[in-house]
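So the structure is just underneath, and the comments pick up after that.
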Amino acid sequence: MGKTYLKVASVYFTIGVLAGLIMGIIHDFRFTSVHAHVNLLGWVTMALFGIIYHFYPNAANSKLAKIQFWLHNIGVPVMLGGIALQILGVSAALLPTIIGSLAVVIGVILFMVNVFKYVGKDSNYDSDKNVSL
């Protein structure tokens, strides 16, 4: 799960950097909020999920992690697409924006529950001493 998150995060990082470059070249910054969400929810958040799941494989292998993975990875692009369409004036895009956002929020809540349930309980990593055993 950790490796998968890191790979997906690197794709979002590339998209975010390219979006920023394109906005700068054409001097059109209407999509700044989409760019920011790609970088935060796509690149940074998924990279952190990946790192945490790497160090806590019991959390990564849980049913919660799998549900959270799909909620986040479906919710983020649906939400971002909805935001982009709203910027372009498509008022019907509000519903997908809300649905995508709710999927992300529920996924984040599941991640939090998963962290509280498993972090610090893996036998191959001693978080108190910060060393691999």
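Looking at the stretch 1-88, the chymotrypsin sites (Phe, Trp or Tyr not before Pro) that sit in a DSSP loop and have at most 15 other Cβ atoms within 10 Å of their own Cβ are Phe29.
In the chain, the portion of solvent-accessible area held by carbon and sulfur atoms comes to 73 percent [1.4 Å probe, whole percent, DNA, RNA and ligands not counted].
From helices alone, the chain scores -24000 deg cm²/dmol at 222 nm; the rule is -39500 (n - 2.57) for each run of n ≥ 4 DSSP H residues, then divide by the residue total.
The Cα center of the stretch 82-122 and the Cα center of the stretch 36-64 differ in position by 14 Å.
Rolling a 1.4 Å sphere over the protein heavy atoms, what is the accessible area per residue of the stretch 1-119, to the nearest Å²?
Working: 6590 Å² over 119 residues.
Normalised by residue count, the accessible surface of the stretch 1-119 is 55 Å².
Entry note, the stretch 13-123: relative contact order of 27 percent, from Cα contacts under 8 Å with a spacing of 6+ residues. Heavy-atom accessible surface of Ile51, to the nearest 10 Å², is about 80 Å², with a 1.4 Å probe and all protein chains retained. For the chain, excluding the exposed loop sites themselves (trypsin sites (Lys or Arg not before Pro), DSSP loop, at most 15 other Cβ atoms within 10 Å), the longest remaining stretch covers 31-120. For the residues Ser101, Ser91, Ser62, a 1.4 Å probe over the protein chains yields an accessible-area ranking, largest first, of Ser91, Ser101, Ser62. Accessible surface of His54, taken over heavy atoms with a 1.4 Å probe and every protein chain present, rounds to 120 Å².
In this structure, Thr4 and Ile99 have a Cβ-Cβ separation that, at R0 = 30 Å, corresponds to a calculated FRET efficiency of about 0.80.
Using the empirical formula 2.2 N^0.38 Å as the baseline, the Cα radius of gyration of the chain reaches a ratio of 1.19.
The values are calculated or read from the model by the stated rules, or taken from the named source; none is laboratory data. All figures in this text were calculated on a predicted structure; none of them were measured in a lab. Neighbour counts are summed over all protein chains in view; Cβ atoms, including those assigned to glycine, are modelled from backbone coordinates with ideal geometry. Protein only, heavy atoms only, side chains kept; ligands, DNA and RNA dropped before computing areas. Shrake-Rupley method; radii C 1.70, N 1.55, O 1.52, S 1.80 Å.
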